[in-house]
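The values are calculated or read from the model by the stated rules, or taken from the named source; none is laboratory data. Keep in mind that what you see is a predicted model, and the values were worked out from it rather than measured. Here the Cβ positions follow ideal geometry from the backbone for every residue, glycine too, while neighbour counts run over all protein chains shown.
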Amino acid sequence: MVRSASEVPVRLEPWADLPEFEALLHLTNTPEMTDHLGGPESAEAIAARHRRYTALVDDATGRMFRIVLLPQDEVVGSIGYWEREWQGEQVYETGWGVLPAFQGRGIAAAAARALADRVRTHGRHRSLHAYPSVDHPASNAICRKAGFTLRDSCTFEYPPGSFMRCNDWRLELGTGADGTP
């Protein structure tokens, strides 16, 4: 895929069981960053999230990454994907968070495009979905800028036990790595 010369350069670093990775989760666990996700999590929930992220080690089923802004080599957020069943189909879901000081620069859209390229190469499902709240214009704009197509709005359970209205954005990945069309 050809990128424009003005695209923000980012590198995706696979999540690791290191203190600096867990520290990133604490930095993104603020009211501002979690407003559309049910609010901040407890320290125990953050530790459990870190363990889940660390366990995602198979490119075919899902992975989490730190987003590193280049050429500064500055960690600015996280992004990842994981398998889920959606409307009778196995798909990937993605989610991201960019620290407030770095928002509005095109970093999340660049990271989403880089993630999609990786999933196209290593994944086995035909599509990648994002489910931002209908009330979250920034995340919906990221989906549009990253090449996703808005399919519909839906009711989505997140966090568990809490339901919210979301948009279903879909990015076609092509043929899965296992050869499925």
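The rows are residues; the columns are (1) closer than 29 Å to L173 by Cβ; (2) modelled with pLDDT of 75 or more; (3) of a type outside the set (D, E, K, R); (4) in a strand (DSSP E or B).
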{"position": "A5", "(1), (2), (3), (4)": "yes, no, yes, no"}
{"position": "L12", "(1), (2), (3), (4)": "yes, yes, yes, yes"}
{"position": "A23", "(1), (2), (3), (4)": "no, yes, yes, no"}
{"position": "M33", "(1), (2), (3), (4)": "yes, no, yes, no"}
{"position": "G39", "(1), (2), (3), (4)": "no, no, yes, no"}
{"position": "E44", "(1), (2), (3), (4)": "no, yes, no, no"}
{"position": "H50", "(1), (2), (3), (4)": "yes, yes, yes, no"}
**Study point:** Pairs, first on the phi < 0 side of the Ramachandran plot and of a type in the set (V, I, T) in the range 67-94, second part of a strand (DSSP E or B) and surrounded by fewer than 17 Cβ atoms within 10 Å (Cβ to Cβ), C-beta under 7 Å, six or more apart
**Key:** V68/R11; V68/E13; V68/E74; V91/R84
Exercise for review: State yes or no: is R84 among the charged types (D, E, K, R), at pLDDT 95 or above, assigned to a strand (DSSP E or B) and surrounded by 14 or more Cβ atoms within 10 Å (Cβ to Cβ)?
Suggested key: no
Practice item. Scan the range 52-81 for residues that are acidic (D, E) and assigned to a strand (DSSP E or B) and report the count. Key: 2
Review point. When the range 120-154 is examined, which residues are found to be closer than 21 Å to E83 by Cβ and among the β-branched types (V, I, T)?
Key: T121, T149
**Study point:** Condition check for R63: in contact (Cβ under 8 Å) with a residue 24 or more places away in the chain, buried (at least 21 other Cβ atoms within 10 Å of the Cβ) and under 16 Å from the mean Cα position of the chain (by Cα)
**Key:** yes
Review point. Do we have C166 as surrounded by 13 or more Cβ atoms within 10 Å (Cβ to Cβ) and part of a strand (DSSP E or B) here?
Key: yes
Check your understanding: Assuming G95 fulfils every condition listed in (1) within 26 Å of A45 (Cβ to Cβ); (2) at pLDDT 95 or above apart from one, which condition is it?
Key -> (2)
Practice item. Those residues that are more than 19 Å from S139 (Cβ to Cβ) and either of a type in the set (S, T, N, Q) or surrounded by fewer than 16 Cβ atoms within 10 Å (Cβ to Cβ) (or both), I need them from the range 66-81; list them, please. Key: L70, P71, Q72, D73, E74
Review point. Only one residue in A138, A55 is free of Cβ contacts under 8 Å to residues at least 12 places away in the same chain and of a type in the set (A, V, I, L, M, F, W, C). Which one?
Key: A55
Exercise for review: Please indicate, with yes or no, whether at least one residue in the range 159-166 is of a type outside the set (V, I, T) and at pLDDT 95 or above.
Suggested key: no
Review point. What about E157, is it farther than 23 Å from F21 by Cα and in contact with a Phe, Trp or Tyr (Cβ under 9 Å, 6 or more places away or on another chain)?
Key: yes
Exercise for review: Among the residues of the range 92-131, write down those that are part of a loop (DSSP other than H, G, I, E, B) and within 27 Å of Q72 (Cβ to Cβ).
Suggested key: L99, Q103, G104, R105, G106
